[in-house]
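The values are calculated or read from the model by the stated rules, or taken from the named source; none is laboratory data. The model shown is predicted, which means the values in this text are computed figures rather than measured ones. Cβ coordinates were reconstructed from backbone atoms using ideal geometry, including for glycine residues, and neighbour counts include every protein chain displayed. Remember, those area values only see protein heavy atoms, side chains included, never the ligands or the DNA or RNA. Shrake-Rupley method; radii C 1.70, N 1.55, O 1.52, S 1.80 Å.
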Amino acid sequence: MKSLYKYIVALSLLTLFGACNDEWEEELYTNMVSFKAPVGGEGVTEVYLRYKKDGEVEYNLPVLVSGSQESGKDMNVQIEVDNDTLNIFNQAKYQYRTDLYFKQLPAQFFELPAGPCFIPKGSHTANHKIKFKFSNLNLVERWVLPLTIKDDPSYAVNYRKGWRKALLYMKPFNNYSGGYSATSMNVYFDGENNSKAMVMSTKNSWVVDENTVFFYAGMVEERSEERGDYKIIMRFGEPVENADGTKTGTLDVWADNPAINFELLNQPTYQIKKVADLTLPYLVSEYTTVNIKYKYNDITSIPNMPIRYRAEGSMTMERRRNTTVPDENQAIQW
């Protein structure tokens, strides 16, 4: 009886394993195409790209084919600009705060491939090359390139949220752009003494060209509707290498808008210093410190009554880089 029982159990196990093996001979999931465009905290995909001399840079947008096995056929995935989703996204997320809206990147600032994205048989991924043209792009606005995968009978599209559509938030960068700690930058009503200083915790700087950035004057908020009136342009001169390993140089600084009556009170300077992490030596922090003193008028808080401010001190940006990662965009810890 025991032998019969063992025989039945063994036969059952063989049947079970045979069924499992047969199952893996076929595709378990539908082959669906989608973007690889991870969504960040603001609901868009932040894309950091090094600004180049002519303003043009290529970005590889991954296009994926899902499934447990290799794709059994060639695919030509149709990709186009989505002119509807960004408006819906802005209204749902920010409602009446139009000052926070993302803007659709105008056509003159990018170039899509002429044809579809080709994914050959047996492959799970391909790159869709997009050329961006950042020269003269005003980063006062938050520019997004919205893309979508078109329906086509030759492939199935993944309709899960964030897979079929990509909202690419463009963030070109250079050596000097990014978030600066501004706690050492004091802002005063002009003529007031140092006991009444105002400060902001951070100041962002945005790319103008290879060696130039802009930030917003004094206490102007990053999301202020009038922020564009207070652009301060800062061009970094050729640095000098010092014996202690630091680099120093001077800055050319001016305002875009003559109405704010910008006045430079000293020769602005900068210093760059690199420091390796004590416990993780492959991580290197680069500190860029800017020293500046200037005055400007607030022309929007009280109509027809400008308020004169004086700003002085320093701002410091830390950029951490993993030296073991060859791709600069990935090596920088944003």
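Filtering the range 203-218 to residues that are within 19 Å of Ser181 (Cβ to Cβ) and within 15 Å of the chain's Cα centre (by Cα) leaves Asn204, Ser205, Trp206. Filtered by the rule that a residue be surrounded by fewer than 15 Cβ atoms within 10 Å (Cβ to Cβ), among the β-branched types (Val, Ile, Thr) and within 17 Å of Ile292 (Cβ to Cβ), the range 192-244 gives Val199, Thr202. Just to verify a result, which residue in the range 305-334, among those that are open to solvent by less than 50 Å² (accessible area, probe 1.4 Å) and hydroxyl-bearing (Ser, Thr, Tyr), is nearest to Met219 (Cα to Cα)? Ranking the qualifying residues of the range 305-334, first place goes to Tyr309. For the range 227-244, filtering for residues that are assigned to a loop (DSSP other than H, G, I, E, B) and under 22 Å from Asn211 (Cβ atoms) leaves 4. Any residue at all in the range 202-214 that is of a type in the set (Gly, Ala, Ser) and without any contact (Cβ under 8 Å) to a residue 60 or more places away in the chain? The answer is no; no qualifying residue exists.
With respect to the conditions (1) open to solvent by 60 Å² or more (accessible area, probe 1.4 Å); (2) in contact (Cβ under 8 Å) with a residue 60 or more places away in the chain; (3) assigned by the TED database to the domain that holds Phe262, Thr183 falls short on a single one, namely (2). If I filter the range 46-70 down to residues being under 28 Å from Arg160 (Cβ atoms) and in a loop (DSSP other than H, G, I, E, B), which single residue comes out as most open to solvent (accessible area, probe 1.4 Å)? Taking the candidates together, the pick is Glu70.
Considering only residues in the range 33-45 that are of a type outside the set (Phe, Trp, Tyr) and not in a loop (DSSP other than H, G, I, E, B), the one that is nearest to Pro172 (Cα to Cα) turns out to be Thr45.
Every listed requirement among (1) out of contact with any Lys or Arg (no Cβ under 6 Å at 6 or more places or on another chain); (2) under 14 Å from Tyr296 (Cα atoms) is met by Ser201 save one, (2). Counting only strands (runs of 3 or more DSSP E) that sit wholly inside the range 93-174, those with at least 1 residues that are in contact (Cβ under 8 Å) with a residue 12 or more places away in the chain, touching a Pro at 6+ places or on another chain (Cβ under 9 Å) and surrounded by 14 or more Cβ atoms within 10 Å (Cβ to Cβ) are 125-133, 143-149, 165-173.
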